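What follows is a single structure, written as structure tokens, with notes after it.
The values are calculated or read from the model by the stated rules, or taken from the named source; none is laboratory data. Keep in mind the model is a prediction, meaning the values are calculated, not measured. Cβ coordinates were reconstructed from backbone atoms using ideal geometry, including for glycine residues, and neighbour counts include every protein chain displayed.
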Amino acid sequence: MGALIGLCVSIGVLLVVMSFSHPAYRRPRRGRMQTMIDEAALTHATPGTVISAAGVGALICGACALLVTSIPIVALITAVAAALLPFAILRRRARRRARAVRGAWPEAVDALASAVRAGMSLPEALSDLAARGPAALRPAFARFASEYRVSGSFGASLDSLQRALADPVADRVIASMRIAREVGGTDLGLVLRTLSSLLRSDMRTRGEIEARQSWTVSAARLAVAAPWVTLALLCTRPEAASAYRSALGAIILVIAAALTLLAYRVMLLIGRLPSEPRTLA
């Protein structure tokens, strides 16, 4: 038993080290990971900390599952699930933040249109949102105001704001501000008011669809989790756990885990609402 635990720990450490050092996969993975972290608004997190958390969680959960059930395949499945958990948390946090930001943008765009119509300069209008804008967007605009006061560069501050918001609507608003700053234009207020009405209509439609499909998604998640909770309870009994220590039992569990993951991903794919791509990111 000690040798098996030591082998699992060694393999886990080796995989974590390889993920940092392999030159063929390091740069693309870090790019996707950093984008996910930006969308989740975790300013102090890095791709390295997320990968390290996944590796440590996999080792701890796998070892605990092995000690409780004494079934290596169950410990392996548990370790894989624990390794995927930080990435699932990032995606869930990114979706929640995107929902909150999407609901706050109509008010923010209205405030920008009013400020522009009142004669405020573009930096002043954007900085004013740090105090009068929606709560979900105030931290990003506060950082913009602070950076603009320090650097005095409107373009660099807009780039920083765009990275902080990581949102398709922000891309369009910032592009409008950049064009108005560089080439001028008298229709910026009209463009912002039109964008606000479109955003409100899209938000109402998306909210109705999400409300109708929420119970279906919850039922599907319950259906996915229930068999594995039952398996965990069965594995605490030695006579039931002995059936899964054989090669046939391990194959059955691996096939069941693969089918569960496939069914869950298909369910998410079918129920996923289309999202606007960030063409200006």
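Data for the structure
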quantity	calculated
Where residue 273 falls short, out of the listed (1) part of a helix (DSSP H, G or I); (2) over 30 Å from residue 68 (Cα atoms)	(1)
Residue, nearest to residue 241 (Cα to Cα), within the stretch 46-79, restricted to residues that are among the β-branched types (Val, Ile, Thr) and surrounded by fewer than 17 Cβ atoms within 10 Å (Cβ to Cβ)	68
Residues satisfying the stated conditions in the stretch 235-256, i.e. surrounded by 14 or more Cβ atoms within 10 Å (Cβ to Cβ) and closer than 16 Å to residue 66 by Cβ	235, 241, 244, 245, 249, 250, 253
Conditions (1) of a type outside the set (S, T, N, Q); (2) surrounded by 12 or more Cβ atoms within 10 Å (Cβ to Cβ); (3) at pLDDT 80 or above; (4) more than 22 Å from the chain's Cα centre (by Cα): number failed by residue 161	(4)
Extreme residue, nearest to the chain's Cα centre (by Cα), among residues of the stretch 71-105 that are small (Gly, Ala, Ser) and under 30 Å from residue 170 (Cβ atoms)	94
Candidates 101, 116, 68, 74, filtered to the one that is at pLDDT below 85, among the β-branched types (Val, Ile, Thr) and touching a Gly at 6+ places or on another chain (Cβ under 6 Å)	116
Whichever residue in the stretch 191-228 is surrounded by fewer than 13 Cβ atoms within 10 Å (Cβ to Cβ) and among the β-branched types (Val, Ile, Thr) and, among such residues, is farthest from residue 109 (Cα to Cα)	216
Residue within the stretch 21-32 that is modelled with pLDDT of 60 or more and of a type in the set (Lys, Arg) present	yes
Some residue of the stretch 95-115 being more than 28 Å from residue 42 (Cβ to Cβ), without any contact (Cβ under 8 Å) to a residue 40 or more places away in the chain and assigned to a helix (DSSP H, G or I)	yes
Selection status of residue 210, in a helix (DSSP H, G or I), acidic (Asp, Glu), out of contact with any helix residue (DSSP H, G or I) (no Cβ under 6 Å at 6 or more places or on another chain) and more than 28 Å from residue 39 (Cβ to Cβ)	no
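Rundown of residues vs (1) within 26 Å of the chain's Cα centre (by Cα); (2) over 25 Å from residue 204 (Cβ atoms), yes/no style:
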site: 113; (1), (2): no, no
site: 167; (1), (2): yes, no
site: 174; (1), (2): yes, no
site: 180; (1), (2): no, yes
